[in-house]
Amino acid sequence: MFTTWIRENKVAMWLLTVLRIYIGYDWMTHGWAKLTSGGFDASGFIGYAITNSTGEGATVQGWWGSFLQSFALPNVGLFNVLVPLGEFLVGVGLILGCFTTFAVLMAMVMNFAFLFSGTVSTNAQLILLQMFILVAGFNAGKIGLDNWVVPYIRGLFGKFRNKDKVVHIKTQQNYQ
């Protein structure tokens, strides 16, 4: 019942728009601050998480600490670009309501990565709020660019799907 309401109701659509813009603004401003500060460096954050993944009272899971140590830290330059750019683009996508479902999914991936690394902050709250947008699907982006972008993309894929059917039907006719 709730799922139907959040996916189809016009009141839900408006509430989701407000929620989407709020979350998008949060992501965009954090990303913009990192992009314009001139020196975002994730190595300290990653190193702190690695340190907290060992020993008694570890607050970071060992498997995550191993991932950070073996992949994230050696490629910290990549993360120094991906994190601020990802935060900014997720924010813009949510504010504009463009590729909303994908944007909120990427936001959740980043929130989980921050949580796995031992940072609580507002990440848990954001994941909870983002789940509503994810469950709402297309209804969360109807008041936004998704209202035009999603049908256009569906039309493109529909053309490819229909083209295959036409070719298949013509092929069957040729063999009869």
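The values are calculated or read from the model by the stated rules, or taken from the named source; none is laboratory data. Computed from a prediction, not measured in an experiment: that's the story for all the values here. Note that we place each Cβ from the backbone using ideal geometry, even for glycine, and neighbour counts take in every protein chain shown. Quick note on the areas: whole protein, heavy atoms, side chains included, nothing else; ligands and nucleic acids left out. Shrake-Rupley method; radii C 1.70, N 1.55, O 1.52, S 1.80 Å.
Counting only protein heavy atoms and a 1.4 Å probe, the chain has 63 square angstrom of accessible area per residue.
Between TRP32 and LYS159, what FRET efficiency follows from the Cβ-Cβ distance if R0 is 41 Å, with the result rounded to 0.05? Mind dumping the intermediate values first?
Details: r = 38 Å, r/R0 = 0.92.
Step by step, r from the Cβ atoms, then E = 0.60.
In the chain, what percent of the accessible surface is made up of carbon and sulfur (1.4 Å probe, ligands and nucleic acids excluded)? Of the solvent-accessible surface of the chain, carbon and sulfur hold 68 percent.
Run the numbers for GLN61 and ASP41: contour at 0.36 nm per residue of separation, minus the present Cα-Cα distance, in nm.
5.0 nm
Within the chain, all pairs of alpha-carbon atoms sorted by distance into 5 Å bins from zero give the percentages 1, 8, 13, 15, 14, 12, 10, 9, 7, 4, 3, 2, 1, 0, 0. I want to verify the translational diffusion coefficient of region 107-153 in µm²/s; compute it with Stokes-Einstein, Rh as the Kirkwood radius over Cα pairs, at 4 °C and 1.567 mPa s. Answer from the Stokes-Einstein relation: 108 µm²/s. 3J(HN,Hα) along region 72-82: 5, 5, x, 10, 4, x, 5, 5, 5, 8, 5 Hz, from the Karplus curve 6.51 cos²θ - 1.76 cosθ + 1.60 with θ = phi - 60°, whole Hz, x for Gly and Pro. Averaging 1/r over each pair of different alpha-carbon atoms in region 47-108 and inverting the result gives 13.3 Å, the Kirkwood hydrodynamic radius. Couplings 3J(HN,Hα) for region 120-136, derived from phi with the Karplus relation 6.51 cos²θ - 1.76 cosθ + 1.60 (θ = phi - 60°), are 8, 6, 9, 4, 5, 4, 5, 4, 4, 5, 5, 4, 4, 5, 5, 5, 5 Hz, where x marks Gly and Pro. Computed from backbone phi with θ = phi - 60° and the Karplus coefficients 6.51, -1.76 and 1.60, the 3J(HN,Hα) list for region 37-45 is 6, x, x, 5, 9, 7, 5, x, 4 Hz; x is used for glycine and proline. Along the Cα-to-C-beta direction of VAL120, a point sits 7 Å from the Cα; which residues of region 36-55 have their amide N less than 14 Å from that point? Answer for this model: none.
Between ASN9 and TYR48, take the C-beta separation as r, use R0 = 45 Å, and let me know the FRET efficiency to the nearest 0.05.
Working: r = 44 Å, r/R0 = 0.97.
It comes out at approximately 0.55.
Under the 0.36 nm per residue contour assumption, what length would be gained going from the current alpha-carbon distance of ILE127 and VAL109 to full extension?
Details: separation 18, 0.36 × 18 = 6.48 nm, distance 0.91 nm.
Contour length minus the Cα-Cα distance gives 5.6 nm.
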